[in-house]
Structures are given as C-alpha cells and as structure tokens.
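The next block holds one structure in the form of structure tokens; read it before the comments.
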Amino acid sequence: MRTTTLARLLLAWLLAGMLLAGAARAALPIEHWTTASGARVYFVRADAIPMLDVRIDFDAGGRFDPQGRKGLAAIVNAMLARGAGGLDEAAISEGFARIGAQRGGGAGDDRASVTLRTLAGAPELDQALALLARVVSQPAFDEAVLAREKERTIQSIRESQTRPAAIAQRAFDALMYGSHPYGVHATPETVAAIARDDLVAFHRGHYGARGAVVSMVGAVTSERAREIAERLTRDLPPGEAARALLAVAAPREAVERRIAHPASQSHILIGQPAIARDDPDFFPLLVGNHILGGASFVSRLHDEVREKRGLAYSVYSHFSPQLQPGPFVIGLQTRKEQTDVALGVVRETLGRFLRDGPSADELAAAKANLVGGFALRIDSNRKILDNLANIGFHRLSLDYLDRWAARVEAVTLDDVRAAFARHVRPQAMATVVVGDGGAPR
C-alpha cells in the first residue's frame with residue numbers, strides 16, 4: 001500500500017513538472033473584456049483548486065499625492081477596510097475571516113491595489129464579493145480611525161529614519177528624481193497635514209471604474225467572472241481613464257552623497273532613472289542585467305565584488321520599469337573601511353560591461369536560465385494574477401506571457417550593448433553611501 005502511494009505521488013510530481021515545463025510554451029488562455037462601467041478585466045480560468053483570486057488595480061499611486069500631502073495615496077488605500085458601507089473595521093475583518101477569505105492591497109508610486117482570495121463556491125464567494133465591493137466603493141474614512149492611522153504612519157516613518165537602508169533609499173530617490181513624485185517620500189509633517197476631505201476627494205478622483213483593472217484567476221466560469229467584475233465595479237465613482245504623467249528630469253552629471261551612520265557597514269546605492277515599462281529595450285535589458293548583477297551567484301558583479309575580493313556578502317543590480325522611467329540600481333553593503341574600494345570595483349565592472357558587453361557564453365547561459373525558470377513565474381494562481389495585473393495596468397499585449405520566452409531567446413549581443421548604451425550612463429549616476437560619512441573620493 002505504501003509503495004503504491006509513493007508511486008502515485010512520484011507520478012503526480014512528474015506530471016506536474018511536465019505541465020510546468022510546457023507552461024513556458026503553451027498559450028495562457030487570457031480572456032479580456034470591459035465592464036459596463038468602463039473597467040478593463042483580465043481573466044484566466046483555473047479549476048485545479050476551488051479558489052478565486054481577485055485583484056483590482058487603480059491608477060491611484062503616490063504620484064498623485066498633492067504637494068505637502070505626501071503619503072495620501074497610501075493612507076487612502078489603508079483606510080479602505082477600516083470601515084465601509086455601514087460596517088466598522090472589526091466587522092469587515094471578522095466578515096472575511098469567518099469565510100476564510102484573505103483581503104490585501106497597497107499603494108506604490110504608480111498604482112494602488114485591492115486583493116481578495118476566497119473559496120469559489122457559494123455562499124462564501126458571494127459573501128466575500130459583497131464585502132470587497134463595500135470596501136472599494138463605500139469607504140467611511142472615519143475621523144477617529146484616520147487620526148489613529150496617521151499616527152501609526154508617522155511613528156513608522158520616524159522609526160525608518162533611523163535605519164540605514166531606509167535612509168539610503170530616501171536620499172537615493174531624491175538624488176535621482178528631485179521633485180518628481182518618484183523622488184519624494186512621506187514625512188511626519190506631510191502625513192500630519194492630511195485631512196478627511198483629502199481622502200474623500202482622492203478616492204472619488206482615482207478609485208474610479210474607468211481607470212480600474214480587474215484581474216481574476218480561479219475556478220469560475222467566464223459567465224460568472226463577468227458577473228463578478230460587474231458587481232465589483234458598478235458602484236465605483238466614474239473616475240478617469242487618462243493618466244497624469246510628469247516628465248522625469250534625470251541627473252545630467254554624477255552626484256554622490258555620503259551620510260554618516262553608526263552602523264558597522266556602509267549601505268551603498270548607485271543608479272539613475274532608466275526605463276519605462278513600455279520601452280522596447282525591456283527584454284535586452286532584462287537579459288543583460290541577468291549577466292551583470294541580476295543572477296545572484298553567477299553575475300559579473302558577484303564574481304568581482306564577492307568572489308574575487310570578498311568586499312560584500314551580496315551585490316545586485318536591477319531595472320525597475322514604471323509608467324515613467326524607473327530606476328536602474330546597483331546595491332551592496334560593505335565594511336566602512338572598504339567603502340571606496342568596493343565603489344571602485346563596482347564602477348570599474350559596470351564600465352567594462354558597458355564597453356565590451358557580455359560574452360557569447362554569458363548570453364547563452366543567461367537566456368537558458370531565464371527561459372528555464374519561466375515556468376516558476378506562473379506556477380501558482382497568485383503569480384498568474386500578478387502577471388495579469390501587470391499586463392492590464394501597463395497595457396501589454398494579451399500574448400505577452402506566450403511570447404516571453406521567445407523574446408528572451410531573440411536577444412542578441414548587439415541588442416544588449418545597444419540597450420545598455422541608451423539607458424545606463426555612468427557619467428550621470430547618483431550614488432548614496434550611508435555609514436561612511438567621509439567626503440566622496
């Protein structure tokens with residue numbers, strides 16, 4: 001009996017592996033439509049488990065925070081479930097918990113989201129959807145709860161201002177983006193200035209149906225998915241589909257800032273605004289960065305900084321595409337007395353990569369690694385949901401995931417060199433060092 005059970009498990013694992021390997025090549029059946037209220041919907045039916053994952057993205061990120069009210073977008077999102085539609089915070093929390101549903105969300109620079117994971121059968125699904133619809137369309141923004149949320153946020157900001165990683169990130173963003181919303185962080189003063197009327201106006205203007213993207217993955221039919229999307233968006237304010245974008249004025253010359261801190265190590269960030277999500281260089285930069293610093297233990301930066309010289313436990317690089325040019329970043333930590341040596345190695349390694357590009361062997365290995373690992377990007381409903389939301393919010397093609405591996409495979413050495421030359425300029429990079437407060441060298 002035991003042998004039979006083990007054999008069945010082994011067969012199941014083998015079949016699952018075959019399915020995942022094929023997922024990189026098989027079409028993901030994404031259905032797309034627009035609700036009567038103007039929300040765009042992306043749906044993948046997945047019957048393997050009796051669950052439904054839902055995510056609603058709004059064009060309601062921190063780039064819309066009014067001057068002197070930085071932090072408003074985050075507080076609006078946090079306050080959605082703190083009371084809505086005649087229910088207080090406890091009733092909402094208990095309502096989701098009673099049916100085993102999980103609600104989440106958050107706000108970034110560009111977008112804000114609300115998520116739900118629930119059983120796909122009645123009555124749990126109906127109850128979860130009713131609660132979520134209240135949360136997104138009828139937030140109460142109670143004054144007393146707002147005062148508590150603001151105080152919690154202020155204390156969190158003050159605590160973060162003591163940590164070297166957070167200090168470095170704030171200074172780094174400011175050097176890269178200046179007064180652009182991507183470069184401005186909330187402070188105790190800007191949060192304290194937020195009033196209930198600000199929340200009401202922000203919700204009315206940015207949590208509208210016409211700017212919403214609804215993503216769903218789970219065990220429901222297409223017809224049921226259409227009903228769900230209509231139910232979740234019909235009571236939203238109309239909103240606007242247009243996107244307000246401010247030009248990013250990238251630094252024109254290299255700038256470095258050092259901030260003294262008692263930590264034993266220096267926290268180092270180097271980079272610049274680089275790429276928007278719709279840039280055609282996305283795939284060459286993805287592949288090239290995998291070689292430079294994106295592949296943790298086999299990258300150029302790891303080899304030069306850690307393996308050959310032992311200057312840091314880890315070193316990385318990445319591109320973070322956003323609606324507007326998001327940053328290219330190199331990051332590491334090193335002992336204070338090694339700060340200048342480590343910076344020199346990083347800059348020399350980057351300069352050599354820009355000058356010579358990757359080798360043919362490095363390119364082949366990077367593409368094989370990325371394509372071979374693609375199945376892991378869509379091996380769960382939650383990951384598929386995140387991909388759907390990304391496709392929807394950034395208006396990528398419906399066959400984006402189907403073509404992903406082929407587009408990686410198509411990248412050439414010349415593509416990588418040209419893309420890095422267009423987007424990475426060492427002569428105009430921002431550098432922040434927190435720990436070693438000495439003068440830049």
3J(HN,Hα) from dihedral phi, the range 424-436, Karplus parametrisation 6.51/-1.76/1.60, rounded to Hz, x for glycine, proline: 10, 10, x, 6, 9, 9, 9, 10, 10, 10, 10, x, 7
Given the chain, longest segment not containing exposed loop chymotrypsin sites (Phe, Trp or Tyr not before Pro) (DSSP; at most 11 other Cβ within 10 Å): 1-296
Cβ-based charge dipole, the chain, positive-most Cα from H267, V248, A120: H267
Structure-derived volume of the Cα convex hull per residue in Å³ - corresponding label in (1) 132; (2) 151; (3) 176: (3)
Mean residue ellipticity (222 nm) of the chain, computed from DSSP H runs ≥ 4 via -39,500 (n - 2.57), nearest 500: -13500 deg cm²/dmol
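Each reported figure results from applying straightforward, stated rules to the coordinates on display, with no laboratory input. Keep in mind the model is a prediction, meaning the values are calculated, not measured. Heads up, the Cβs are rebuilt from the backbone with ideal geometry, glycines too, and the neighbour counts pull from every protein chain shown.
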